[in-house]
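First up is the structure itself, then whatever we jot down about it.
Any read-out appearing in this document is the output of simple, stated calculations on the displayed coordinates, not a laboratory observation. Quick caveat: nothing in here was measured; it's all calculated off a predicted structure. All Cβ positions, even for glycine, are placed from backbone atoms using ideal geometry, and neighbour counts span all protein chains on display.
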């Protein structure tokens, strides 16, 4: 069995009993960064071998991992924060497992875009998750495809590119379009701001921004 186990996005208390139980059960754990994951596992007294699994090696090790699963191994995959497969590695391995007839179980748990969306005050009944915007190739095509999007749009962004991305949104959607920025979710200095894109640009241009960022943009009226 392959287990997809979400990890806390900030507050270590946002971890389920079942997640701890699964991680104590499996033969070994796949993770993005062993140093980051070790802190979480030590906090919950979990002592299992950690194996690096990230975007730089996932193509090379997928077949080997599927073979181990087929021999009866139980493997869990975790990320540095959040749910595996949501802007983090997991898709290739899950697809390979499905093709090989290996069972996959996804546990519910922390995902940054859900609290950001529900906190935003923007419509949450219908939305599109876009993840990270391409840095160069594909950016213009993506933005043009979203100009007439009527659903709320959710993006991930780094603190260094936040203001530039807000300016990009304003240029395509208009500065008066409502949007929300959430950062440091579940942490001590969590911040959630909902305003027009123009006002958000002013707000975040005047300060040093830190932490992981989720941006929610209202759809076209």
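For the chain, the longest principal axis of the Cα atoms and the long axis of helix 58-70 meet at an angle of about 40 degrees.
Based on the mean of other Cβ atoms within 10 Å per residue, sort peptides 161-171, 187-197 so the most packed one is first. All intermediate terms of the calculation are to be shown ahead of the outcome.
Values: 161-171: 17.5, 187-197: 15.0.
Answer by packing, highest mean first, reads 161-171, 187-197.
For a test of the definition: using alpha carbon positions, the gyration tensor, and the 1.5 limit on a/c, classify segment 2-106 as rounded, prolate or oblate. Since a/c reaches 1.5 and a/b is larger than b/c, the shape of segment 2-106 is classed as prolate.
Hydrodynamic estimate: the Kirkwood radius of segment 113-217 over Cα pairs, inserted into Stokes-Einstein at 10 °C and 1.306 mPa s, corresponds to D of 116 µm²/s.
Across all directions, the average flat footprint of the convex hull enclosing the Cα atoms of segment 44-154 is 9.8 nm².
Using the reciprocal of the averaged 1/r over all distinct C-alpha pairs, how large is the Kirkwood radius of the chain in Å? It would help to have the intermediate numbers written out before the result.
On the way: mean 1/r = 0.0533 Å⁻¹.
Hydrodynamic radius (Kirkwood, Cα only) of the chain equals 18.8 Å.
Pull up the DSSP beta bridges for segment 1-155 and report the antiparallel fraction as a percent, rounded to 5. Could you put the intermediate results ahead of the total?
On the way: 1 of 17 bridges.
Expressed as a percentage, antiparallel bridges in segment 1-155 total about 5.
Taking one quarter of the surface of the convex hull spanned by the alpha-carbon atoms of segment 56-112 gives a direction-averaged projected area of 4.1 nm².
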